[in-house]
Every structure is written in structure tokens, then in C-alpha cells.
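Colleague: One structure is given below, represented as C-alpha cells, and several questions about it will come after.
The values are calculated or read from the model by the stated rules, or taken from the named source; none is laboratory data. Being a predicted model, the structure only gives us computed values, none of them experimental. Every residue, glycine as well, gets a Cβ built from its backbone with ideal geometry; the counts of neighbours run over all protein chains shown.
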Amino acid sequence: MNTAMPLPLDVRLMNLTTSILATALVLGCLAAGLWWVMRNPAFAIGRITVEGDTTHNSSASLRANVAPRLAGNFFTLDLDAARAAFQSTPWVRKAMVQRVFPDQLNVTLQEHVPAAIWGEDNTHMVNAQGEVFEAVADDAEEEGLPRLLGPEGRASELLQMYRLLAPLLKPLGQPVEELALEARGNWRAELENGAVLELGQGSAEELKARLTQFASTVGDVAARHQRGVEAIEFADLRHISGYALRLRGVATGKPEPKPVRPKR
């Protein structure tokens, strides 16, 4: 039986050295290839297409504003960073960014749909999802939008309450122009004609019940004083048995109006 003789030590060292050199050569070629890809201008982002909602931002302005903030080429670009750059643009709610070989980015945008103005300074709005976003709306966009006032982080709650309460005042013909949630939890609404309604504290169902009673009876109460609902100046709905009412042109003789028990 033939027994293989072990290779001499110098031969084994030579084979090991050859393997190491070959591996180093392959790794060097890969590194050089990667360096070439990263540096080759052929793979630089040369085209950005913008689709979707571009009502408030043109495709050209978006490309001009965002392109300088994109670092890397087709292979090395951080898509999350690119998406964040587009979403930081005013009015943009979401951006989807995709690579198209060899040098193109496709961007699909979704803009905020404004549902209300947030705060007093006219620089923020609330979208249909109850999210606050920074934007300056023009007069046409602001027309018909309510103003919501409240603590930071409560915009969604305010929008939900507005959507619940606003339809209840349709019989009065005066839309809710402003809804406020005060620090102590009191709700206050202001109508288009300037009338102020103090709604008080409570759950949504409790506020809804108070406002329903008010809207269904205040016309008759105003008529007793030869006035229409457009004469409402102030109403306090925090009373258990009724509401306090002040009408324009009707003297009460007291600083505050007395509670009214609506007739059924």
C-alpha cells in the first residue's frame, strides 16, 4: 500500500503564500471595482422624476431644492435620507423614492390635505388625518377652513370634536369658525357671525347632547325677543337645566345672561 508522503515544509509555505496572494489580489480587484463604481460619473444621479401631488410644489422647484441635499450616486444613495429630504418640503406628507438604473430617481409624492388652520399665527395647518404640518396657506385655501386652538399634541382630538359638533349647528346657518380647547379642558366655539358658545367640559357625547338641545331650541327663544338666530352674541351651555343666552340689541340688565329653560 502506497502512503502519501507529507509535503516538505517549504512547499507548504509556498502554497500558503500563493493562496494568500491570490485572495489579496481578488479582494484588491473587488475594492478597485467598488471604488470605480462609486467614483464613476456615469452612475451619478442625473435625473429625478417627480409624480403624484404637486399642487403646492412644482416638479422643477422640488428637484432644485432637494437635489443638492442628496449624497452619493445610484448605488450609494441613502433612500431613507432622500425620502426624508422630500418630506421636509412644505406641504409634502409622504414621499416614495425608487432607483431606476443607471442614474435616475423616481419620486412619488402625497401632499397634505388641509382640514383646519392650527393656532393663531397662520403658519401651521391640520391635515385630514389630524396631523399638524407647517405651511402658509393662501386666502383661497383658508376660506371655509375652521381654526383650531388647543394644547400641543391635541390637534387630532380637536379635529374629531369639530367634525362631531359642526353638523349640529347647521340649523342655525352659522358655521363654526373656531373651536378651542382650553388648558383646563373647557371647550369653546365661535361661529361665523362672531357668536361665542361656551360648551364647558365633558365627553364628546355630553357636548353633543348640549349642543343638540341648544340648536333645536334657540330659534324659539330668540323669537320671543323678536330676534332671529343671527342675533346670538353669546351662549353658555354649561348649565345643567338649560343655557344662558345673550342676543344683540336685547338688554338683560345684568352683566351675564340668565339660564334659559327651553320649552319643549
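Colleague: Do we have Arg210 as within 25 Å of Ile240 (Cα to Cα), among the basic types (Lys, Arg) and touching a strand residue (DSSP E or B) at 6+ places or on another chain (Cβ under 7 Å) here? Let's see the steps before the verdict.
Modeller: Numbers: within 25 Å of Ile240 (Cα to Cα): yes; among the basic types (Lys, Arg): yes; touching a strand residue (DSSP E or B) at 6+ places or on another chain (Cβ under 7 Å): yes.
Yes: the conditions hold for Arg210.
Colleague: For Glu190, are the conditions met, namely being assigned by TED's automatic domain parsing to the domain that holds Ala222 and in a strand (DSSP E or B)?
Modeller: Numbers: assigned by TED's automatic domain parsing to the domain that holds Ala222: yes; in a strand (DSSP E or B): yes.
In short, yes.
Colleague: In addition: Within the range 64-106, how many residues turn out to be under 15 Å from Ile45 (Cβ atoms) and among the basic types (Lys, Arg)?
Modeller: 3
Colleague: Among what's in the range 112-164 and is among the aliphatic types (A, V, I, L, M), modelled with pLDDT under 95 and more than 13 Å from the chain's Cα centre (by Cα), pick the residue that is nearest to Trp187 (Cα to Cα).
Modeller: Leu145
Colleague: Okay, next question. Sort through Ala137, Ala64 and tell me the only one that's under 23 Å from Leu179 (Cβ atoms) and either part of a strand (DSSP E or B) or not basic (Lys, Arg) (or both).
Modeller: Numbers: Ala64 fails: under 23 Å from Leu179 (Cβ atoms).
Exactly one residue qualifies, and that residue is Ala137.
Colleague: I need a count of the residues in the range 111-140 that are surrounded by 14 or more Cβ atoms within 10 Å (Cβ to Cβ) and of a type outside the set (A, V, I, L, M).
Modeller: Number satisfying all stated conditions: 10.
Colleague: While we're on this one: Answer yes if at least one residue in the range 201-214 is in contact with a Gly (Cβ under 7 Å, 6 or more places away or on another chain) and either modelled with pLDDT under 95 or not acidic (Asp, Glu) (or both), and no otherwise.
Modeller: Within the range 201-214, one or more residues are in contact with a Gly (Cβ under 7 Å, 6 or more places away or on another chain) and either modelled with pLDDT under 95 or not acidic (Asp, Glu) (or both).
Matching residues to (1) part of a loop (DSSP other than H, G, I, E, B); (2) farther than 24 Å from Phe86 by Cα; (3) touching a residue at least 60 places away in the same chain (Cβ under 8 Å):
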{"residue": "Leu105", "(1), (2), (3)": "no, no, yes"}
{"residue": "Thr108", "(1), (2), (3)": "no, no, no"}
{"residue": "Asp121", "(1), (2), (3)": "yes, yes, no"}
{"residue": "Val126", "(1), (2), (3)": "no, no, no"}
{"residue": "Leu145", "(1), (2), (3)": "yes, yes, no"}
{"residue": "Leu164", "(1), (2), (3)": "no, yes, no"}
{"residue": "Glu178", "(1), (2), (3)": "no, yes, no"}
{"residue": "Gly185", "(1), (2), (3)": "yes, yes, no"}
{"residue": "Leu199", "(1), (2), (3)": "no, yes, no"}
